[in-house]
Every structure is written in structure tokens, then in C-alpha cells.
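Beneath this line is the structure, given in C-alpha cells, with notes to follow.
The values are calculated or read from the model by the stated rules, or taken from the named source; none is laboratory data. This one's a predicted model, so the numbers in the text were calculated from it and none came from an experiment. Here the Cβ positions follow ideal geometry from the backbone for every residue, glycine too, while neighbour counts run over all protein chains shown. Just so you know, the surface numbers come from the protein's heavy atoms only, side chains and all, with ligands and any DNA or RNA stripped out. Shrake-Rupley method; radii C 1.70, N 1.55, O 1.52, S 1.80 Å.
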Amino acid sequence: MPILPRNLLLLLIISMILGMLFIGLYPFNYFPKNRVSMKENGLHFFGRGVASSTEVDGWPLESPITLELGLEPARTYKRDIPHILSFCDDTGREVLYLGQWKNFLIVRIMEDSRWIQKIKREIGARDALNPGNPALITLVFNNGSTTIYVNGRSVTVSSGLDLTEAASSRPIRSIVLGNSSIGDSHWQGKVVSFSAFQTALSPDAVLNRYEQRDSKQTSDNGKKFIKYEMEDTESKIIRNKAGNGWDLLTPEILTPLRKEFLSMPSEEFLQKVGFYQDAFINVAGFIPLGLVLAIFFAGDPPKKNAWKDLFLPVLFGGLLSLFIETNQVFLVSRSSSITDLVLNILGSGIGVGVYFRLISNFKSEPGVET
């Protein structure tokens, strides 16, 4: 006698597939609105949004660099570190990015790795980003050291974090504001201004620029190669007023700088409890599907020497997972992960193993014909 009627098994399989597609692809928004607006002299990021430059040459490699960023955060973050500003290489991977954790400013230089995203060097500044409070952040990269200024005052000095050295091995080709390059780490707040200098501003010059930040007479201090003034405009292009390319685009549809297919988890995520929670869900979620597919394909009792009794349910589960992961490439609210694919296949295989275990136990009961 079969465990379940075949028609009921088929209905159960279809229901499971539809449920997994819903869970894996919700909210099905392949063309999300770019949550960015220009108003009140600032570029507002009020949800999943991004502004990114076109890919150009021209990043200075053999000189000190000063970055100046006027910000007004909208909230704090405890679990994640959203990206405020990213500098990316020709593949779209971050070379350096600025993020926010609680009220800390986080500055990270990333390893040159195409597999697992690794942090090469990290520094931070406490009480730099408080919701609703404007902050002028200045970073001076000079001779292998980095100085962080908040509102004209030096708060962090660190050696070993060198943007010039990082950019020499991975030339910077694009800038991203308000998000990561793949659109999965959005920040909320207002960017008032952003400038980059091909020189190391002195402490007096940094303080002077902060004190005169609202003045039209603020000195450019020479060698400025990026200057974005976030003025109220209907245009979707923010021009670089230093005149060296690097214009920013804010399209209607949220368009990440790059897309990742079956990406590896970052080293940082591997160290979080959330990774193992996701891993458990990805395995456990496919065990019932593997079990029901095994019943459907193998029947009761399973056919002798039927290799497909083991292979087909696992193959079906893998193909379903691959379909979901492929679609997640085009959903900025989701991420396509090779670990999810592997764990889903593992879950399907465990479901098959559970089925054969149940059948074996059923056959071994006294009075049961085999």
C-alpha cells in the first residue's frame, strides 16, 4: 500500500515548489524604484537607493588624497554596516568604503579577492554619525597613514590603511554613494556634499573648511579633482564641478553597479550567527521536498537497483534552487549565493535519506511483508 496516493503527492510537490518560489523571490520586484531624491540642498537616500558614477580613468595614484563628505544620517544601525561611499575597481568590487555602525564611521580597505570578500584594514571614529545631526567627515590619506576628522577636529589617526597603495594595485574606476556596488547594503540619510583633493589638507585647512562650510568663499585648496554640490535639480545627473568626468547618475530604477551570480559569503558574514541561521533554514527547508520527491519517484517499496531513486529528487531540488538563485541576481533585495545552492541540494539529499530510512524501518517491523 503506498504511503500517499500519487495525485496527492503531485499536489503536495506543486504546493512546495510554489511556496519555495514565493519565499525565495518575494517581493518579485525586478524593477525597484531608486529611493533617492535631490531636495533641500542634499541628496536624500530614503530607502533602497544608489547614485553611481560612470566608469572613467583618471584616479590619481602617486599623491596623497583627501576626501571630504558632508553627511546627515537618518538612523543608526546595529546589525549591519550600510555603505555610505564606495570606491570600486574595474570589476565593480569595493577597494575602499565608508560605512555606519551605530554612531561610528567605519572605513575599510578590502582585499583583492574574487571569491570571499575580506577586510584588509579597518579603522573607525566614534560619535561621528548621529541621526539628524550634520557632520563634515574629512579623511586624509598620506604616506601610509589615515587621519579622520569630524567637524574639523582630528579624532582618529592610523597607520597601515593606505588608499593610494590599494588603488595602485586595483585602480579605482567608479564611485558609489548610498549603497554597496551590488545594491545590498543601503544607507539612509542625506549627502550634502562630496569633494576629493589630490593633496593632503593640513589640519588648519580642514578646520577652516569646516568653519566656512556654509560660505560661498570657501577655498578649494587646489588640486580638487572631484566636487559634487548636491543642488536641488530635476536632472538625474550630478555633475562633477571639478570638470574631470566622474559625474554621478541617479536613475529612476535602482540599478546596482554590478550583479553577482552565486557569490561567496563575505568573511565578515561567515563570523555572524546569521550565517548559521540562514544555513539551517536552507538545509531544513529542502528536506521535506527531498522526502516527498523520493516518495513520488521511488514509490513504496522502492525499486531495486534504481539509481534514479536517489539521484532525481536531489537533481530536482538542485534545479529548483538554481532557478531561484539565478532570479535573485536581478532582485536587489535578495542575493544569489553559492552556499544557498549547495545547502539546498544537501537538504534535498537528506530528505531522500530520511525516506529510505523510513522505508527500511517500515520493512523491518514484525508482520510487514517485504
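What is the residue count in the range 69-93 for residues that are modelled with pLDDT of 95 or more, closer than 20 Å to Asp162 by Cα and open to solvent by 10 Å² or more (accessible area, probe 1.4 Å)?
1
For the range 146-169: of the residues being assigned to a loop (DSSP other than H, G, I, E, B) and under 24 Å from Tyr228 (Cα atoms), which is nearest to the chain's Cα centre (by Cα)?
The qualifying residue nearest to the chain's Cα centre (by Cα) is Asp162.
Identify all residues within the range 235-246 that are charged (D, E, K, R) and touching a residue at least 12 places away in the same chain (Cβ under 8 Å); write none if there are none.
Within the range 235-246, Lys236, Lys241 meet the criteria.
For the range 280-299, check the following and say yes or no: at least one residue is open to solvent by 50 Å² or more (accessible area, probe 1.4 Å), without any contact (Cβ under 8 Å) to a residue 12 or more places away in the chain and in a loop (DSSP other than H, G, I, E, B).
no
Mind counting the residues in the range 265-277 that are open to solvent by less than 70 Å² (accessible area, probe 1.4 Å) and either part of a loop (DSSP other than H, G, I, E, B) or modelled with pLDDT of 95 or more (or both)?
3
Between residues in the range 251-262 that are touching a residue at least 40 places away in the same chain (Cβ under 8 Å) and on the phi > 0 side of the Ramachandran plot and residues that are polar (S, T, N, Q) and assigned to a loop (DSSP other than H, G, I, E, B), which pairs lie under 9 Å by C-beta distance while being six or more apart or on different chains?
If the second residue must be polar (S, T, N, Q) and assigned to a loop (DSSP other than H, G, I, E, B), the pairs left are Leu262/Ser336.
Give Phe28, Phe22 a once-over and let me know the one that is open to solvent by 80 Å² or more (accessible area, probe 1.4 Å) and part of a loop (DSSP other than H, G, I, E, B).
Working: Phe22 fails: part of a loop (DSSP other than H, G, I, E, B).
Sole residue among the options that is open to solvent by 80 Å² or more (accessible area, probe 1.4 Å) and part of a loop (DSSP other than H, G, I, E, B): Phe28.
Go through the residues of the range 242-264 one by one and say whether even a single one is at pLDDT below 90, open to solvent by 50 Å² or more (accessible area, probe 1.4 Å) and either not aromatic (Phe, Trp, Tyr) or not in a helix (DSSP H, G or I) (or both).
Within the range 242-264 (the criterion being at pLDDT below 90, open to solvent by 50 Å² or more (accessible area, probe 1.4 Å) and either not aromatic (Phe, Trp, Tyr) or not in a helix (DSSP H, G or I) (or both)), the answer is yes, since at least one residue qualifies.
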